[in-house]
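Let me begin by presenting the structure, written as C-alpha cells, before commenting on it.
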Amino acid sequence: MEKIFTEEFILNIFKETEALLNGHFKLSSGYHSDTYLQCAKVMQYPELNSILSSLIASHFKSDNINLVIGPAIGGITLAYEVARKLGARSIFAERSGQERKMSFRRGFKINKNDTILIVEDVITTGGSIKEIIELLNSEGINISGVASIVDRSNGSVKLHSKQVSLLHISAPKYEPDKCPLCEKNIPIDTPGSKFV
C-alpha cells in the first residue's frame, strides 16, 4: 500500500525523531519561541531525508532545475539530496565576514543560465533565503522556486511565486524584549548554529 505523505505524517516524523521541541528557544532569526524544530534530528536518518527530499523534488520535476542551493547549515544536506533527486548540482551559501552575510565561497560558481531552486529546512522569517535571493538577483540570475521542509510562519512569509513547504505550522515567535518566557525567567536554549 502506498503511503500518503500528509502534513500530519510529516509532523509525526518530527515527533517520532524527537525533533519537535518545547521550551524557551532563541531562533536563528533572533526571535524567541516556545517551539523549536530541530531538522538535523530528522535528517540524520537517510531514509527520512530521502522521503522529504523526494516530496520537495516532486513539485519541481518539470522545471528543469540544474542547481539547488541551501543556506548553511540547515539547508546543506537537504539541498544535496533534493539535487540528487532532480539530477542537478548542489551548492550552499554560508555566513562570512564581520557582518555575517550570506555568500558563496569554496569556489562555487553560478552561471546566468542556471535554473535554480533554493531549499531550507525551516522558514521562520525567511531571512537566509532572502539574502540568497538578493545575491542572485544582484547578478541577474533567475530563481525558479523556493522550498522548505517546515514553514513556521504558516504561509505568511512569501519569498517566491513558486514556494513549497511540506509542513505548515503556526508557532509563536517573540521579540526578545517582549518575550513572555523571558519575563518568567525560563532558561533559554540556542539549539541552532547561527549564534555559535
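The values are calculated or read from the model by the stated rules, or taken from the named source; none is laboratory data. Given the structure is predicted, the values throughout are model-derived calculations rather than measurements. Note that each Cβ is placed from the backbone with ideal geometry, even for glycine, and that neighbours are counted across all protein chains shown.
Would region 53-71 turn up any residue that is closer than 25 Å to Thr190 by Cα and surrounded by fewer than 21 Cβ atoms within 10 Å (Cβ to Cβ)? Taking every residue of region 53-71 in turn, none turns out to be closer than 25 Å to Thr190 by Cα and surrounded by fewer than 21 Cβ atoms within 10 Å (Cβ to Cβ).
Conditions (1) within 13 Å of the chain's Cα centre (by Cα); (2) free of Cβ contacts under 8 Å to residues at least 60 places away in the same chain, marked per residue:
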{"site": "Asn12", "(1), (2)": "no, yes"}
{"site": "Glu18", "(1), (2)": "no, yes"}
{"site": "Phe25", "(1), (2)": "no, no"}
{"site": "Tyr45", "(1), (2)": "no, yes"}
{"site": "Ile51", "(1), (2)": "no, yes"}
{"site": "Gly70", "(1), (2)": "yes, yes"}
{"site": "Ala79", "(1), (2)": "yes, yes"}
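Considering region 140-196, the residues that are of a type in the set (Gly, Ala, Ser) and closer than 17 Å to Ile56 by Cα include one that is nearest to the chain's Cα centre (by Cα), namely Ser148. Which of (1) buried (at least 19 other Cβ atoms within 10 Å of the Cβ); (2) touching a residue at least 24 places away in the same chain (Cβ under 8 Å); (3) under 20 Å from Ser170 (Cα atoms); (4) within 17 Å of the chain's Cα centre (by Cα) does His32 not meet, given it meets every other one? With (1) buried (at least 19 other Cβ atoms within 10 Å of the Cβ); (2) touching a residue at least 24 places away in the same chain (Cβ under 8 Å); (3) under 20 Å from Ser170 (Cα atoms); (4) within 17 Å of the chain's Cα centre (by Cα) applied to His32, the lone miss is (4).
Quickly run through region 124-152 and pick out the residues that are among the hydroxyl-bearing types (Ser, Thr, Tyr) and surrounded by 21 or more Cβ atoms within 10 Å (Cβ to Cβ). Hits for region 124-152 are Thr124, Ser128, Ser148.
Checked against the criterion of being within 15 Å of the chain's Cα centre (by Cα), touching a residue at least 60 places away in the same chain (Cβ under 8 Å) and surrounded by 11 or more Cβ atoms within 10 Å (Cβ to Cβ), region 97-116 contains not a single residue that satisfies it.
When Ile56 is tested against (1) at pLDDT below 95; (2) closer than 17 Å to Leu166 by Cα, just one condition goes unmet, and that condition is (1).
For (1) modelled with pLDDT of 95 or more; (2) at positive phi; (3) among the aromatic types (Phe, Trp, Tyr); (4) touching a helix residue (DSSP H, G or I) at 6+ places or on another chain (Cβ under 7 Å), each residue gets a yes or a no:
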| residue | (1), (2), (3), (4) |
| --- | --- |
| Met102 | no, no, no, yes |
| Ile118 | yes, no, no, yes |
| Gly126 | no, yes, no, no |
| Val157 | no, no, no, no |
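Is it fair to say Tyr80 is at pLDDT 95 or above, within 19 Å of Val122 (Cβ to Cβ) and surrounded by 16 or more Cβ atoms within 10 Å (Cβ to Cβ)? Answer is yes for this residue.
Give region 65-77 a look and list any residue that's modelled with pLDDT of 95 or more and either assigned to a loop (DSSP other than H, G, I, E, B) or in contact with a His (Cβ under 6 Å, 6 or more places away or on another chain) (or both), or say none. If the condition is that a residue be modelled with pLDDT of 95 or more and either assigned to a loop (DSSP other than H, G, I, E, B) or in contact with a His (Cβ under 6 Å, 6 or more places away or on another chain) (or both), then Ile65, Asn66 are the ones that fit.
Of all the listed residues (Leu37, Leu11, Leu21, Leu78), the sole one being touching a Leu at 6+ places or on another chain (Cβ under 9 Å) and under 14 Å from Val119 (Cα atoms) is Leu78.
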